[in-house]
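Nothing in this text is a laboratory measurement; each read-out follows from the coordinates by a stated rule. Note that the structure is predicted; figures quoted are calculated from it, not measured. All Cβ positions, even for glycine, are placed from backbone atoms using ideal geometry, and neighbour counts span all protein chains on display.
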Amino acid sequence: MSTRPDRAAGPARLEIDDLVVSFGGVRAVDHVTLHAEPGSIVGLIGPNGSGKTTVLDAVSGLVAPTSGAVRVDGAEVGDYLPEERISIGMVRSFQDCQLFPELSVEDTLLLCEDARRSVGVVSSTLQMPWARRSERDKRRAVDQVVTSFGLGRFREHRTSELSTGTRRVVDLASIVLSGPRLLLLDEPTAGIAQREAEAFIPLLRRLHEVADTTIILVEHDVPLVFELCSEVVVMETGQVVSSGSPDEVGRDPRALAAYLGASDEALLVSGPTRARAESGGNDNGG
């Protein structure tokens, strides 16, 4: 039985080097290298089928890389099972967040805390001091995320009664309760209304601040990525075609040709590109 290192504190460093993921004869990820410093937010963008989600699957252990390395804080995690990656603080979200429809928001979040702070049935039944203390700690943690994410008025609502956007917020709150050191976020704004999507920029900033984590963000909302991320990586057909700061990527002809050039209207909705366009500094190459 292998011995795993103890869980460290604080945001993690992620290093992906020369990663290849193949399915049969199809190379979904083709020699991708990506590094995320502790506490950074790195955005992955690109057309459908470019390999973004497969990169997250490989990092989280849902698919086995054909070759290459994935390291967290310098330790190779290639042979870690997905649950072992959770134990070192790696948390993965999915596009279709699955919440218990019959539970209230509060009960859903308490259930997340129960999973993290397991207390024996006998101790709970007999109301032993440590069980009561654990229960108080759980409720305090839930109160904090409810306040941080503005969920107070939905506290007693069943999750089935919530809008898609609000369910996503509950999902983000549950992620914070898991204490992630490395958070892999897959399309957090997928399927929600534009008005709700716009509110996710401050929400994701709040998540980053409260969770004190490193985030790898896969997202189609280009302005959101450019506004939030310290580094942007553009993928096409499994390869990285551009990476750098949002300003650098927004001016890179390779990024424009691969993805951003097809998204001029979206880029002008908000974010740095809009500011450049309005100031007359738009580098429109046609």
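Show me 165-172, 47-54 ranked by packing, highest mean number of other Cβ atoms within 10 Å first.
Numbers: 165-172: 22.0, 47-54: 19.1.
Per-residue Cβ counts within 10 Å, averaged per peptide and sorted highest first, yield 165-172, 47-54.
I need the phi-derived Karplus couplings for the range 150-159: 6.51 cos²θ - 1.76 cosθ + 1.60, θ = phi - 60°, integer Hz, Gly and Pro marked x.
My calculation for the range 150-159 gives x, 9, x, 6, 9, 3, 9, 6, 5, 5 Hz in order.
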